[in-house]
Amino acid sequence: MTLINGDASEKEQYEVIVVGTGVSGIYQLHKLRELGVSVLALEAGSDVGGTWYWNRYPGARFDSESYSYGYSFSEELLAEWDWKERFSGQPENLRYLQHVADRFDLREDIRFDTRVRSCVFDDVTNKWEVEAEDGFRVECQILITAIGILSKPLIPEYPGMENFDGPSFHTAQWPSEGVDFDGKRVAVIGTGATAVQLIQEVAKSAEHLTIFQRSPNWCAPLHNGPISEEEMSSIKNRYEDIFEACKSSFAGFIHTSDSRKALDVTAAERNEFYEELYASPGFGIWMGNFRDVLVDEEANKTLSEFVERKIRERVNNPDIAEKLIPKDHGFGTRRVPMETRYYEVYNQENVMLVDLNETPIEAVTTRGIETTKHNYDFDLVIYATGFDAVMGPFNSIDFVGANGKLLREKWSSGPRTFLGMSVSGFPNMFTLVGPHNASTFCNQPRCIEQNVEWVSDFVAYFFKNRISRVEASEIAENSWTEHVHESVSRLLMSKTDSWFMGVNKNIVGREEKNFMLYAGGFPGYTQRCNDIASNGYEGFNLS
Ligand code: NA7
């Protein structure tokens, strides 16, 4: 780090700035330190962890098998860390990331409580000036964003919200001191992956829980359980194979799709396979199913009908079961929330489901929530209403690229990137887990390691070859953006409204589908990135 002199303009200088210290920022910082470049990471929170720092609500846990989620880059780290549960919970996940930060001495190069406000590129010096909300300013040659895709919580606006007498908060802004539901009348708004995890926990102790549902989701059993010492030691012996398997799977999970098509087998065989998947842990039913269930409507229908039967079996009241069954999309075409006795919660006396399609929320009152039909009194209102996903974190920072161009203006009709890692007009900037990056539809740490290692190699190349400016070409960006949209068009998810497809009913102008992720598969993406690097970073203008 060097300091530029001069009173008003005094600011620190680094070769690289990393914004964010979640799973991607932590590893990026570590890799850059190994390379020997001067680097500082800026973190909005008071500690590392990103998603696992902010999302402290009860029930928050991996949907990936824990041992497939941890970092694979350090044999020592793999050997010393024991996962306790098949799908580890938030407190342990945060402890793990804190342990990684400590173990590799990363904290000394992180400035905490630093929320970045703007990043401005200087066309003359080819440097970025980064400014935080507290006035901290720093300059760097390369800017790397590690800001996640689900880090901008979104609370819908209801008249009177500010008047509610009790506590109310978003699941990603959970009070760090915890929340006691005992004897409380609790409202949860939303029934996405977060709400499903939370509802199972709140229902255990709340005096009464009211769930406000706008759209039901297809959920599947998680089948969590402890990992014994013997099991953990066997996992440790198999780590290499596990990570290899993840690398060759479509989305970085241990689950890979079955080579058969759903309609090529008899109804009995199909049912038997669905039963097996429904009884198995994790995303197998989503990622390890017949190879056509996510692309063919008829195949998908057989799976949706199977899960529908399960919901009807598990929910005692047929009217409530009916409301919990999605009618507008098939299984797996949106993010599948993973559950543990979620459907049974609706059999409890202390739980009520309010269908917002029948009775929309009109206002929040001092005492609770008013729908078109009832006034409900609550002690606590929880918004499990999701995020301004993918572009939200980028739109929250003023990224000003070459010629004064604003990123949010450039992306006003949707993201345009090269590999989801670079944006034409925004030189010397890399976006880990950016829009249209394979890591957006992935068991994230697996794709994050690929992202970080590829970017780190590029950074090494940049400094070794004394490059001062690197930027994706417009041609490369156009062709990648076209490829991203083309690759999703064959999947049924492209026909369903969801945050994958960029639809958010709470944001004006985000009613139309505009794909935010990359669904062309992790192995192909990795190959493409590697080919580009071997061809001297083809598609990038270097000067
Ligand atoms: P999601 O999946 O975006 O879910 C948000 C939920 O909140 C969903 O059920 C929404 O219903 C509901 N919602 C949002 N706005 C409203 C309003 N205004 N009124 C009623 N209900 C509303 O976010 P999650 O946090 O659950 O999960 C995000 C990701 O985190 C998840 O995919 C995992 O990858 C981890 P809607 O479907 O929009 O009708």
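The criterion of being out of contact with any Phe, Trp or Tyr (no Cβ under 8 Å at 6 or more places or on another chain), at pLDDT 95 or above and aromatic (Phe, Trp, Tyr) does not hold for Phe253. Considering only residues in region 185-195 that are assigned to a helix (DSSP H, G or I) and buried (at least 24 other Cβ atoms within 10 Å of the Cβ), the one that is nearest to the ligand (Cβ to nearest atom) turns out to be Thr194.
Here Arg260 meets each of (1) in contact with a Lys or Arg (Cβ under 9 Å, 6 or more places away or on another chain); (2) closer than 27 Å to Asp328 by Cβ; (3) basic (Lys, Arg) with one exception, condition (2). Among the residues of region 372-390, those identified as within 16 Å of the ligand (Cβ to nearest atom) and in contact (Cβ under 8 Å) with a residue 24 or more places away in the chain are Tyr376, Phe378, Val381, Ile382, Tyr383, Ala384, Thr385, Gly386, Phe387, Asp388, Ala389, Val390. When Pro393, Pro427, Pro415 are screened for being buried (at least 21 other Cβ atoms within 10 Å of the Cβ), part of a helix (DSSP H, G or I) and either more than 16 Å from the ligand (Cβ to nearest atom) or in contact (Cβ under 8 Å) with a residue 24 or more places away in the chain (or both), only Pro393 passes. Does Leu150 qualify as being within 9 Å of the ligand (Cβ to nearest atom) and touching an Asp or Glu at 6+ places or on another chain (Cβ under 7 Å)? Spelling it out, it is not the case that Leu150 is within 9 Å of the ligand (Cβ to nearest atom) and touching an Asp or Glu at 6+ places or on another chain (Cβ under 7 Å).
For region 214-309, the helices (runs of 4 or more DSSP H) that sit wholly inside it and include 3 or more residues that are of a type in the set (Gly, Ala, Ser) are 229-248.
Would region 474-496 turn up any residue that is assigned to a loop (DSSP other than H, G, I, E, B) and either small (Gly, Ala, Ser) or within 30 Å of Ser38 (Cα to Cα) (or both)? No, there is no match, as no residue in region 474-496 is assigned to a loop (DSSP other than H, G, I, E, B) and either small (Gly, Ala, Ser) or within 30 Å of Ser38 (Cα to Cα) (or both). Do you know which residues across region 115-148 are over 30 Å from Glu76 (Cβ atoms) and among the β-branched types (Val, Ile, Thr)? Val116, Val120, Val124, Thr125, Val130, Val138, listed by residue number.
Each row is one residue, and each column tells you yes or no for (1) touching a strand residue (DSSP E or B) at 6+ places or on another chain (Cβ under 9 Å); (2) surrounded by 14 or more Cβ atoms within 10 Å (Cβ to Cβ); (3) not in a loop (DSSP other than H, G, I, E, B).
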site	(1), (2), (3)
Glu76	no, no, yes
Ala79	no, no, yes
Leu94	no, yes, yes
Ala101	yes, yes, yes
Val120	yes, yes, yes
Cys140	yes, yes, yes
Leu143	yes, yes, yes
Glu157	no, no, no
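Whenever a residue of region 236-249 is in contact (Cβ under 8 Å) with a residue 60 or more places away in the chain and more than 16 Å from Ser66 (Cβ to Cβ), its partners that are in a helix (DSSP H, G or I) and among the β-branched types (Val, Ile, Thr), lying with C-beta atoms within less than 9 angstrom and at least six residues away or across chains, give the pairs Lys247/Thr526. Criterion applied to Ile199, Ile155, Ile235 was being in contact with a Phe, Trp or Tyr (Cβ under 7 Å, 6 or more places away or on another chain) and more than 13 Å from the ligand (Cβ to nearest atom), and the one residue passing it is Ile235.
Residue-wise test of (1) at pLDDT 95 or above; (2) within 13 Å of the ligand (Cβ to nearest atom); (3) assigned to a loop (DSSP other than H, G, I, E, B); (4) under 30 Å from Leu517 (Cβ atoms).
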{"site": "Ile320", "(1), (2), (3), (4)": "yes, no, no, no"}
{"site": "Asp328", "(1), (2), (3), (4)": "yes, yes, yes, yes"}
{"site": "Phe331", "(1), (2), (3), (4)": "yes, no, yes, yes"}
{"site": "Val336", "(1), (2), (3), (4)": "yes, yes, yes, yes"}
{"site": "Asn347", "(1), (2), (3), (4)": "yes, no, yes, no"}
{"site": "Val354", "(1), (2), (3), (4)": "yes, yes, no, no"}
{"site": "Thr366", "(1), (2), (3), (4)": "yes, no, yes, no"}
{"site": "Glu370", "(1), (2), (3), (4)": "yes, no, no, no"}
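Within region 403-412, the only residue that satisfies the criterion of being free of Cβ contacts under 8 Å to residues at least 24 places away in the same chain, touching a Phe, Trp or Tyr at 6+ places or on another chain (Cβ under 9 Å) and part of a loop (DSSP other than H, G, I, E, B) is Lys405. If you go through region 18-47 and keep only what is assigned to a helix (DSSP H, G or I), under 22 Å from the mean Cα position of the chain (by Cα) and among the hydrophobic types (A, V, I, L, M, F, W, C), you end up with Val23, Ile26, Leu29.
Scoring Val39 on the criteria (1) out of contact with any Cys (no Cβ under 9 Å at 6 or more places or on another chain); (2) buried (at least 23 other Cβ atoms within 10 Å of the Cβ) leaves a single failure, condition (1).
The values are calculated or read from the model by the stated rules, or taken from the named source; none is laboratory data. Keep in mind that what you see is a predicted model, and the values were worked out from it rather than measured. Positions of Cβ are generated from backbone atoms using ideal geometry, with glycine treated the same way; all protein chains shown enter the neighbour counts.
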